[in-house]
There are 2 protein chains.
Amino acid sequence: MRKSNMSELLVGSVEAGGTKFVCAVGDEHYQVKDKVTFATTTPQETLARVVTFFKKFPNVTVITVASFGPIELRKNHAKYGYITNTPKIGWHDVDFVGYLKKELARPIIFTTDVNGSAYGEYVAARIAQQPVDSLVYYTVGTGVGAGAIIDGQLIGTLGHPEMGHVLVKRHPDDLKFEGICPFHGDCLEGLIAGPTFEKRVGKKGQDVDQSDPVWDIMAYYLAQAVVQQTLIIRPNKIILGGGVVNKIFLDKVRLQFKEQLNNYVEVPKLEVYITMPLVENNGSATLGDFALALKQYNQK
Amino acid sequence: MRKSNMSELLVGSVEAGGTKFVCAVGDEHYQVKDKVTFATTTPQETLARVVTFFKKFPNVTVITVASFGPIELRKNHAKYGYITNTPKIGWHDVDFVGYLKKELARPIIFTTDVNGSAYGEYVAARIAQQPVDSLVYYTVGTGVGAGAIIDGQLIGTLGHPEMGHVLVKRHPDDLKFEGICPFHGDCLEGLIAGPTFEKRVGKKGQDVDQSDPVWDIMAYYLAQAVVQQTLIIRPNKIILGGGVVNKIFLDKVRLQFKEQLNNYVEVPKLEVYITMPLVENNGSATLGDFALALKQYNQK
């Protein structure tokens, strides 16, 4: 661990995933000063490790938690700050924010993992001198989720979005596949989440050849989500992240998008409109968490 | 025409539809002081009638135009204020705002017909002491369109939404119907716009018995749009307007919505969450136009 200058302004990030947690400390310029990654085990053990990490940094002012969900984000709700009805064993109804506030006595910002990533991409676009007013960030991995920003604000009045669970038009060559979503069967997540590879072609995504037609089927569905956002939010850009998305797949999604939209509305060149994350190595959420924390600190 | 008090603050509304125009003058309390309705003919003739109407009211300060589209809403665009690539004969590339500004020399607010209605419903909810932060307003008539408000702001960065053209999962009993959208075939509009009744069952919507299964098919599709908004925007309420929507159909949509969402996220009671417009007699857009004009006037 590097020593931090005690007078330096620092902020914290907790990327709370279902498999692993990434805790990080950053400075005013979004530079990571220290970082730790550990497996997600029981809430008691995992949250204690979060506390131990941040206790080493008394001058971390605000900490943003970007968590797997569903989580309660309505501030006037009795369970604000909780992970709520997750199927993840042991994590149902865990008072994430309450525990951290008690142990660390610092302001905690609470949002979803994809919201953290969306905000990170919003900031990254500014840093890259390609600022946008709005964007949507999808992750396609074990599940499918998304966050959206309009005029700098994350959207969601009644709670955070659950954009992975919309219904889509079925691909004619895929009508027999029932989908894997326990709630909806063949919603978007049920049709394109990572585990669908094993159900459809009997192997893991990373082992499926890029020429396998299953990729075209996946692109057909994901493109529908991109069309939806294009017609509903009319954002400046749409970012596709998560383990399932690679460059060849991205091109397939762009192609399907072009066909489906059929030039109905004007969009930027697809190479800049539908992209992979600007921040490399899955760092979008950490950057977004730092930026959200700095924003809150500076507003005070 | 009633005489208006010359010192009174007045605002204007132009509801510009493909079939008819409704021009209205209102006061600070959203009360209609005068109103005229005429058929949409050529742009020259129709816009001249708009000008003639408002010239009678020199103390109308700001006029909001809620127009059929597509229209150009990006203020930095060379064609800001135009009706752009509409299929409506004669109306392609008409400089709606430019003409009114030149003839009337007053500030003009320009938005879509559904945005005007969405804003009207937003204001109506406040007047009814049931304020909301966000809502989505759909119209299902000759076409399908929608406007959305988040925290009081109409959404759409690259232009106005075109929410009617999303793809949807096909109903198993409707797979042979190709849809009527010239751009997308079986997008939402292609499957549920008013003219689909004649294609599917050979008569106009108002003549189709409520027990005809075609209504269940339509509800299946419209419910998907409601689910989409529920999962993307998480709004406080979703309003279904337009000639196709009636109370029995609304109940069918609620039923399908409940099945499709499968309690995945919490929403208010469906009787208040999915509703018909609060403003009666298609008055939502006029109210919204008045309110948008008053908002701009008061900001100055």
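The values are calculated or read from the model by the stated rules, or taken from the named source; none is laboratory data. Quick caveat: nothing in here was measured; it's all calculated off a predicted structure. Positions of Cβ are backbone-derived with ideal geometry, glycine not excepted, and every protein chain shown enters the neighbour counts.
Report, by residue number, each residue of the stretch B:7-49 that is in a helix (DSSP H, G or I) and out of contact with any helix residue (DSSP H, G or I) (no Cβ under 7 Å at 6 or more places or on another chain). Hits for the stretch B:7-49 are B:Pro43, B:Gln44, B:Glu45, B:Thr46, B:Ala48, B:Arg49.
Would you please name the residue that is surrounded by the most Cβ atoms within 10 Å (Cβ to Cβ), looking only at residues in the stretch A:273-300 that are touching a helix residue (DSSP H, G or I) at 6+ places or on another chain (Cβ under 9 Å) and more than 25 Å from A:Ile108 (Cα to Cα)? Among residues in the stretch A:273-300 that are touching a helix residue (DSSP H, G or I) at 6+ places or on another chain (Cβ under 9 Å) and more than 25 Å from A:Ile108 (Cα to Cα), the one surrounded by the most Cβ atoms within 10 Å (Cβ to Cβ) is A:Ile274.
Selection of helices (runs of 4 or more DSSP H) fully inside the stretch A:143-245 by the criterion of at least 1 residues being under 30 Å from A:Leu292 (Cβ atoms) and free of Cβ contacts under 8 Å to residues at least 12 places away in the same chain returns A:214-232.
Yes or no, residue by residue, for (1) aromatic (Phe, Trp, Tyr); (2) surrounded by fewer than 24 Cβ atoms within 10 Å (Cβ to Cβ); (3) farther than 27 Å from B:Ile150 by Cβ; (4) under 20 Å from the mean Cα position of the chain (by Cα):
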{"site": "B:Asp186", "(1), (2), (3), (4)": "no, yes, yes, no"}
{"site": "B:Asp216", "(1), (2), (3), (4)": "no, yes, yes, no"}
{"site": "B:Val227", "(1), (2), (3), (4)": "no, no, no, yes"}
{"site": "B:Asn236", "(1), (2), (3), (4)": "no, yes, no, yes"}
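Here B:Ala148 fulfils each of the conditions (1) crowded, with 24+ Cβ neighbours inside 10 Å; (2) farther than 23 Å from B:Asn76 by Cβ apart from (2). For the stretch A:50-77, filtered to residues that are in a strand (DSSP E or B) and in contact with a Leu (Cβ under 9 Å, 6 or more places away or on another chain), the residue that is nearest to A:Ser284 (Cα to Cα) is A:Ala66. Screening B:Ser117, B:Ser134 for residues that are in contact with a helix residue (DSSP H, G or I) (Cβ under 8 Å, 6 or more places away or on another chain) and of a type in the set (S, T, N, Q) leaves exactly one candidate, B:Ser117.
If you go through the stretch B:87-106 and pick out every residue that is crowded, with 18+ Cβ neighbours inside 10 Å and more than 22 Å from B:Leu294 (Cβ to Cβ), you end up with 3. Going through (1) facing another protein chain (nearest Cβ under 10 Å); (2) within 25 Å of A:Lys269 (Cα to Cα) one by one, A:Cys181 falls short only on (2). Being in contact with a Gly (Cβ under 7 Å, 6 or more places away or on another chain), modelled with pLDDT of 95 or more and not assigned by TED's automatic domain parsing to the domain that holds B:Leu294 is the requirement here; does B:Val144 meet it? So B:Val144 passes the test. Has the stretch A:56-74 got any residue that is out of contact with any Pro (no Cβ under 9 Å at 6 or more places or on another chain), among the aliphatic types (A, V, I, L, M) and surrounded by fewer than 18 Cβ atoms within 10 Å (Cβ to Cβ)? No, every residue in the stretch A:56-74 fails to be out of contact with any Pro (no Cβ under 9 Å at 6 or more places or on another chain), among the aliphatic types (A, V, I, L, M) and surrounded by fewer than 18 Cβ atoms within 10 Å (Cβ to Cβ). Selection within the stretch A:55-70: residues that are under 16 Å from A:Phe21 (Cα atoms) and among the hydrophobic types (A, V, I, L, M, F, W, C). The member of this set that is farthest from the other protein chains (Cβ to nearest Cβ) is A:Ile63. Within the stretch B:125-142, the set of residues being in a strand (DSSP E or B) and more than 10 Å from chain A (Cβ to nearest Cβ) comprises B:Tyr137, B:Tyr138, B:Thr139, B:Val140. If B:Ile155 satisfies every condition in (1) over 18 Å from A:Val166 (Cβ atoms); (2) crowded, with 18+ Cβ neighbours inside 10 Å; (3) touching a Gly at 6+ places or on another chain (Cβ under 9 Å) but one, which is the exception? So B:Ile155 meets the others, but not (1). Keeping to the stretch A:60-90, report how many residues are within 22 Å of A:Leu10 (Cα to Cα) and modelled with pLDDT under 95. Matching residues across the stretch A:60-90 total 0.
Do the conditions hold for B:His92, that is, is it part of a loop (DSSP other than H, G, I, E, B), under 21 Å from B:Cys187 (Cα atoms) and not hydroxyl-bearing (Ser, Thr, Tyr)? No: the conditions fail for B:His92.
One line per residue, one yes/no per condition, for (1) surrounded by fewer than 19 Cβ atoms within 10 Å (Cβ to Cβ); (2) within 11 Å of another protein chain (Cβ to nearest Cβ); (3) over 16 Å from the mean Cα position of the chain (by Cα); (4) over 24 Å from A:Phe197 (Cα atoms):
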residue	(1), (2), (3), (4)
A:Val114	no, no, no, no
A:Ser117	no, no, no, yes
A:Val123	no, no, no, yes
A:His160	no, yes, no, yes
A:Leu167	no, yes, yes, no
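Confirm whether B:Tyr80 is in a loop (DSSP other than H, G, I, E, B), touching a helix residue (DSSP H, G or I) at 6+ places or on another chain (Cβ under 8 Å) and in contact (Cβ under 8 Å) with a residue 40 or more places away in the chain. Answer is no for this residue.
Screening the candidates A:Gly194, A:Gly152 for the property of being more than 9 Å from chain B (Cβ to nearest Cβ), closer than 25 Å to A:Pro131 by Cα and of a type outside the set (S, T, N, Q) yields one hit, A:Gly152. Scanning the stretch A:257-272 for residues that are part of a helix (DSSP H, G or I) and either facing chain B (nearest Cβ under 9 Å) or buried (at least 22 other Cβ atoms within 10 Å of the Cβ) (or both) gives A:Phe257, A:Gln260, A:Leu261. Of all positions in the stretch B:111-120, none carries a residue that is at pLDDT 95 or above, closer than 23 Å to B:Ile232 by Cα, among the aliphatic types (A, V, I, L, M) and part of a loop (DSSP other than H, G, I, E, B).
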